[in-house]
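Note sheet for the following structure.
The values are calculated or read from the model by the stated rules, or taken from the named source; none is laboratory data. From a predicted model like this one, the values you see are computed outputs, not experimental measurements. Cβ placement follows ideal geometry from the backbone for every residue including glycine, while neighbour counts extend to all protein chains displayed. Please note that ligands, DNA and RNA were not included when accessible areas were found on the heavy atoms of the full protein model with its side chains. Shrake-Rupley method; radii C 1.70, N 1.55, O 1.52, S 1.80 Å.
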Amino acid sequence: MRGIEVKNISKSFKDTQALRNVTLTFEAGKIYGLLGRNGAGKSTLLNIISNRKYPNEGYVSVDGMPSAENDEALRKMFLINEMNLYPESMKVKDAFKVTKTFYSSFDEAYALKLSEMFELNIKKKIKSLSTGYQSIFRNILALSVNVPYVFFDEPVLGLDAYHRDLFYKLLIEKYSEDPFTAVISTHLIEEVANVIEEVIIIKKGEILKNQSRDSILENSCTISGTVSQVDSYVASLPARAEVIGSDVIGGLKSVYICGDDGARLPEGLERSTMDLQKLFIQLTSM
Amino acid sequence: MNINPGQDKPIFIQIAEGIEDGILTGAFPEESQIPSITEFSVNYKINPATALKGINLLVDENIIYKKRGVGMFVAEGAVQKLRKKRQDQFYTNYISSLIDEARRLGISSEDVIAMIERGFSK
């Protein structure tokens, strides 16, 4: 089977449980958004999948092979995060060469072309790069490595608006030419909402949502009206619908609903769609 | 073509309607090639599956056709077809919301009609 399977992963550090029985599948050739608040367990999950951290329980398999201590499985994956795996005094251009020795599919010419587009000085030492350029450096590696599974942990950290725009465009271009699995963990939900196809929302180490962006949004809505009207509408909702939050201002109330599209609305109530960021805020509050 | 993620409409519908607008205004003439899925996706920073979903709506309605290995083209008769479709949707898309707002404001149907006539005579 192609894809990455994460099965019953649990991980705890000292007194905190970072991941609780997480089961997920990353299909081949899809772009995922991994969304969660600070400390939700996103980075731990990505580190475990790429064998940089070890789970207390559970296992990960890549295209049917267990990933733990398995070079063949690990060569299919590439993770970028705040960790720098290169010697501090190494220059950018040398880092490209080194990457090529680990990943034969790494396209050095493309990495150099991207460096020019981002105006990254390849003669600079990695440690001397600013936060933004550290991110750019890592993104260039990730976009040039040509492996089936690429994990971007906070890829746009410190990037200005122009560079963020360029990054998303290059990612989509690369993906269109040769689809691979990209998992993007980010706090800038609005920016990735239309880039991703699948959404995974993680909260306190547990998976809250794991479905396609379209299905999650088509089955969510905001209903507004007077308090009494909204309350009686909520009472009439089918069991599968879940009210994930509400706002009251004066006599007006808005409820955020998951699992119902809000069709067939009684007179006087107003329905609007929910965007991914709103949904995320409501689901992960408290 | 303007794609606005903040709008209530799903992006794939916005893509389909944007192309429709292009066909109606003559930006994409009949039998001419339209941009590829990749061009739409990269330009609007949207997932290619979303662009494909939008374009497939138009393929299903025979407004766009695909030539294998070449690209996507505007079908002959697409303008006529779209005009008819938009005319059919005119009531739902424009008139009902106009009436809703008129009711909220207490504007009579006679006043609305007078305003429409004034607009047309401009």
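Among the protein heavy atoms of the range A:145-229, carbon and sulfur supply 50% of the accessible surface, probe 1.4 Å, non-protein parts ignored. The portion of the accessible surface of the range A:1-77 made up by carbon and sulfur, rounded to a whole percent, is 42 (1.4 Å probe; DNA, RNA and ligands excluded). Please check the range A:259-286 for residues whose accessible area, probe 1.4 Å, is lower by 30 Å² or more when all protein chains are in place than in their chain alone. Those residues are A:273. Annotation: amide H of residue A:203 within the under-5 Å range of A:208, sequence separation 5 or more or interchain, hydrogens built in the peptide plane. Placing one equal scatterer on every Cα of chain B and applying the Debye formula, the log10 ratio I(q)/I(0) at q = 0.16, 0.19, 0.23 Å⁻¹ is -0.84, -1.02, -1.30.
Mean per-residue shielding of peptide A:188-194 is 3, counting Cβ atoms of other chains within 10 Å of each Cβ.
Distance from the C-alpha centroid of the range A:35-110 to that of the range A:169-230: 23 Å, rounded to the whole angstrom. Under 26 Å of direct C-alpha separation, and excluding same-chain neighbours fewer than eight residues apart, residue A:125 reaches these lysines: A:91, A:93, A:97, A:100, A:113.
Rolling a 1.4 angstrom probe over the protein heavy atoms with all chains in place gives chain B an accessible area of 64 Å² per residue. Among the GluC sites (Glu not before Pro) in the range A:180-286, those placed in a DSSP loop whose Cβ has at most 13 other Cβ atoms within 10 Å are A:267. Measuring with a 1.4 angstrom probe and ignoring ligands and nucleic acids, residue A:131 comes out at about 90 Å² accessible.
Taking all C-alpha pairs of the range A:3-213, those more than 28 Å from each other amount to 25 percent.
Taking θ as phi - 60° and the Karplus parameters 6.51, -1.76 and 1.60, the scalar couplings of the range A:151-162 work out to 10, 10, 9, 6, x, 9, 4, x, 7, 6, 4, 5 Hz in sequence order, x denoting glycine and proline. Between B and A, roughly 1300 Å² of accessible area is buried in total, ligands, DNA and RNA not counted and the probe set to 1.4 Å. Straight-line cross-link partners of residue A:30 among the lysines, defined as a Cα under 17 Å from its Cα and at least 8 positions apart when in the same chain: A:76, A:169, A:174, A:209, B:45, B:53. In chain A, helices alone account for a calculated mean residue ellipticity at 222 nm of -9000 deg cm²/dmol, with every DSSP H run of four or more residues adding -39,500 (n - 2.57).
In the context of the full set of protein chains, residues of the range A:71-120 present 57 Å² of accessible surface per residue (probe radius 1.4 Å, heavy atoms only). For the protein assembly as shown, the antiparallel share of DSSP beta bridges with both residues in that region comes to about 70%. All C-alpha to C-alpha distances of the protein assembly as shown, sorted into 10 Å bins beginning at zero, yield P(r) values of 4, 18, 24, 25, 17, 8, 3, 1 percent in whole numbers. Please give the FRET efficiency for residue A:72 paired with residue A:25, using the beta carbon to beta carbon distance and R0 = 22 Å, rounded to the nearest 0.05. In this case the efficiency is close to 0.65.
Dividing the summed -39500 (n - 2.57) terms of all DSSP H runs of n ≥ 4 by the residue count of chain B sets its mean residue ellipticity at 222 nm at -18500 deg cm²/dmol. Shown are A:2, A:164, whose ranking by accessible area with a 1.4 Å probe and every protein chain present, most to least, is A:2, A:164. Of interest is the spacing of the C-alpha centroids, which for the range A:117-158 and the range B:46-122 amounts to 44 Å. Probe radius 1.4 Å, ligands and nucleic acids ignored: give me the carbon and sulfur share of the accessible area of chain B as a rounded percent. Of the solvent-accessible surface of chain B, carbon and sulfur hold 54 percent.
Measuring with a 1.4 angstrom probe and ignoring ligands and nucleic acids, residue A:16 comes out at about 80 Å² accessible. Partner shielding of A:164-177 amounts to 3, given as the average count of beta-carbon atoms from other chains within 10 Å of each residue beta-carbon.
Per residue, the Cα convex hull of the range A:219-285 amounts to 78 Å³. At 4 °C and 1.567 mPa s, grab the translational diffusion coefficient of the range A:217-258 from Stokes-Einstein with a Kirkwood Rh over Cα pairs, rounded to a whole number in µm² per second. Diffusion coefficient, whole number: 125 µm²/s. Label sites at residue A:212 and residue B:105, each approximated as a point 7 angstrom past Cα along Cα to Cβ, lie 4.1 nm apart. If you take all other residues with their beta carbon under 11 Å from the beta carbon of residue B:82, and give Lys and Arg +1 and Asp and Glu -1, the sum is -1.
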